[in-house]
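> Below is a structure I'd like to ask you about.
Read-outs: derived from the displayed coordinates by stated rules, not from any lab. Because the structure is predicted, anything quoted here is derived from the model rather than measured. All Cβ positions, glycine included, derive from the backbone under ideal geometry; neighbour counts span all protein chains shown.
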Amino acid sequence: MRERKSEIPENIKIVAKNIKRLIEDKGLKATEVANKAQIDIETFRRYIGGPNGPSVVMGTDKLIRIALALGLDDYNEIFKGI
């Protein structure tokens, strides 16, 4: 995980918003998804971001773990809008 000092790309912000929406739509909590994905909760929160969006970029392996933790049949849901 690398911290980004520059602006986070818009497509990463869209992915983070989609993950937050999916968590909400499924009635889950961020802590539940982070635990299932085996990602530290503080790191997970940095991935999906707060009001200002994500503060770090996540790797493909993390995206796959998050998709599995969300029980997604179609991983494209994470990339909707890109």
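> Scan around G53 for amide H atoms under 5 Å from its own, H built in the peptide plane at 1.01 Å from N, and keep only partners 5 or more places away or cross-chain.
Result for G53 returns nothing.
> Can I ask one more? Give a quick list of GluC sites (Glu not before Pro) in the chain that DSSP marks as loop, anything other than H, G, I, E or B, with at most 11 other Cβ atoms within 10 Å.
Of the GluC sites (Glu not before Pro), the ones in loops of the chain whose Cβ has at most 11 other Cβ atoms within 10 Å are E7.
> Only Cα pairs under 8 Å and at least 6 apart count here; give the relative contact order of region 12-79 as a rounded whole percent.
Worked out over region 12-79, it gives 40 percent.
> If you plug each phi of region 14-24 into the Karplus form 6.51 cos²θ - 1.76 cosθ + 1.60 with θ = phi - 60°, what whole-Hz ³J(HN,Hα) values come out, in order, with x for Gly and Pro?
Whole-Hz 3J(HN,Hα) from phi for region 14-24: 5, 4, 4, 4, 4, 5, 4, 4, 5, 4, 5.
> Can you compute 3J(HN,Hα) from phi for each residue in region 36-50, using the Karplus curve 6.51 cos²θ - 1.76 cosθ + 1.60 with θ = phi - 60°, rounded to whole Hz and x for Gly and Pro?
Taking θ as phi minus 60°, the curve returns 4, 7, 6, 10, 3, 4, 5, 5, 4, 5, 5, 5, 8, x, x Hz for region 36-50.
> On a 0 to 90 degree scale, rounded to 10, what angle separates helix 60-69 from the longest Cα axis of the chain?
30 degrees
> Continuing with this model, one more query. Kindly provide the trypsin sites (Lys or Arg not before Pro) of the chain that DSSP labels as loop, not H, G, I, E or B, and whose Cβ sees at most 16 other Cβ atoms within 10 Å.
R2, R4, K5, K26, K29, K80
> A further question follows. With n ≥ 4 as the cut-off for DSSP H runs, can you work out [θ] at 222 nm for the chain, using -39500 (n - 2.57) per run divided by the number of residues, rounded to the nearest 500?
So the helix-based figure for the chain works out to -15500 deg cm²/dmol.
> Further question on the same structure: Which value in nm describes the separation of the simple spin-label points at K80 and E7, placed 7 Å from the Cα toward the beta carbon?
So the label points at K80 and E7 sit 2.6 nm apart.
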